[in-house]
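Just below is one structure, and these are the notes that go with it.
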Amino acid sequence: MRLSAITDEISQDLRHALSVMAEYDIREAELRNVYGKYIVEADEELLEKIEKDLKDAGMTICCLDTPFYKCDLDDADTTATGPTHGARDRGREEQFHLLNRSIDLARRLGTSYIRIFSFWKRGPLTMEIEERIADALMTPARIAERAGVTLVLENEHACYLGTGAETARVIEKVGSSALKMVWDPGNAFMAGEQPFPSGYQAAAPHIGHVHVKDAHADESGKLSFTVIGGGEIDYVGQFAALKESGYTGAISLETHYKGPNGDIESASRECLAALRKLI
């Protein structure tokens, strides 16, 4: 298992974020927002700066984060139901342009993994909606197969597929070697699933990439993110199971926890230290 982090959870300044990661002996980065711009919106000048920062830091990219299919399934509503992390709203008609752009960027930046989603959640997940999501993923999966890249579908509680079990069912329906899962135990917890062992057991055959964040419920039942190892997710058991399974991919910190003072770098440092200890 290799450690990574989503850089903007530390700082929008990529050079600084990479230097922080290096302090924790992390040599792979996951890119989402860089210098205040979503990576898929980066122009040539910014891309050259990103490439220089990575080269100077001796870093590689494990996954390219995109907002592909973080849109409405019916294209009837453009309002987001969850965090966009700076991505602009796109309708269904723009998604394949975004996918092709993402494939080009992944190749340029040296990764074969492209993170995607399963449409904003507008109501309960039904079997009909599951089938529609699977159908919507068929063509992107074929495009990815031809391009030699892998789409990693994140279980995201703001989207229809929030749990490991839900995401696994759709991946199995698509049946493509170019479609795997970003297993996110924190998102599964937020979606009401027990991340480990039950969520993981459903997700395990399909995991291509892992996001890590921890969460807990307060006395009133309100859910919030916290430092890794300080929440209700059994990460000791989770990491042991990943190791036993022979997983050799990246485990990428997606902090979300803001710490007592709202300082994202301090919160990420706290999580990085805890993550290294748990691993």
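See the values below:
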read-out: HIS97, HIS16, HIS209 arranged by Cβ crowding within 10 Å, fewest neighbours leading; value: HIS97, HIS16, HIS209
read-out: Proxy reagent accessibility, fewest Cβ within 10 Å first, across LEU272, LEU46, LEU73; value: LEU46, LEU73, LEU272
read-out: Dipole of the range 74-183 [Lys/Arg +1, Asp/Glu -1 at C-beta], most positive-end residue of ILE171, ILE116, ALA106; value: ALA106
read-out: Hz values of 3J(HN,Hα) by residue in the range 64-70 - Karplus curve (6.51, -1.76, 1.60), Gly and Pro given as x; value: 9, 7, 10, x, 4, 6, 8
read-out: SER177 paired with ASP218, simple spin-label distance in nm, labels 7 Å along Cα-to-beta-carbon; value: 5.0
read-out: Potential lengthening between THR79 and ASP263 on full extension [0.36 nm per residue; Cα-Cα distance subtracted]; value: 63.4 nm
read-out: Spin-label model distance (nm) - SER19 vs GLU48, 7 Å beyond Cα toward Cβ; value: 2.3
read-out: Selected from THR7, VAL20, THR66, residue furthest toward positive end of dipole (the range 1-81; charges at beta carbon); value: VAL20
read-out: Most to least packed among 225-232, 210-217 [average Cβ atoms within 10 Å]; value: 210-217, 225-232
read-out: Hits among lysines - C-alpha to C-alpha of LYS180 under 23 Å, sequence gap 8 or more where chains match; value: LYS70, LYS121, LYS213, LYS243
read-out: Antiparallel bridge percentage (DSSP; both residues within the range 122-279; nearest 5); value: 30
read-out: Neighbour-limited loop hits for trypsin sites (Lys or Arg not before Pro), the range 47-147 (at most 13 other Cβ within 10 Å; DSSP other than H, G, I, E, B); value: ARG88
read-out: Size of charge dipole - the range 1-136 - debye, nearest 20, with Cβ of Lys, Arg +1 and Asp, Glu -1, no other charges; value: 260
read-out: Considering only the chain, percent of DSSP beta bridges that pair antiparallel, nearest 5; value: 20
read-out: For TYR69, TYR24, order by how many other beta-carbon atoms lie within 10 Å, fewest first; value: TYR24, TYR69
read-out: Selected from ASP72, ASP218, ASP43 as most flexible by GNM, with the chain as the system and alpha-carbon contacts under 10 Å; value: ASP218
read-out: Electrostatic dipole magnitude of the range 165-279 [Cβ: Lys, Arg +1; Asp, Glu -1; Cα centre; debye, to 20]; value: 340
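Values quoted throughout were computed directly from the atomic coordinates according to the rules given, and no laboratory measurement underlies them. Bear in mind the structure is a predicted one, so any value in this text is a computation, not a measurement. As a convention, Cβ positions derive from the backbone with ideal geometry for all residues, glycine included, and neighbour counts pool all protein chains shown.
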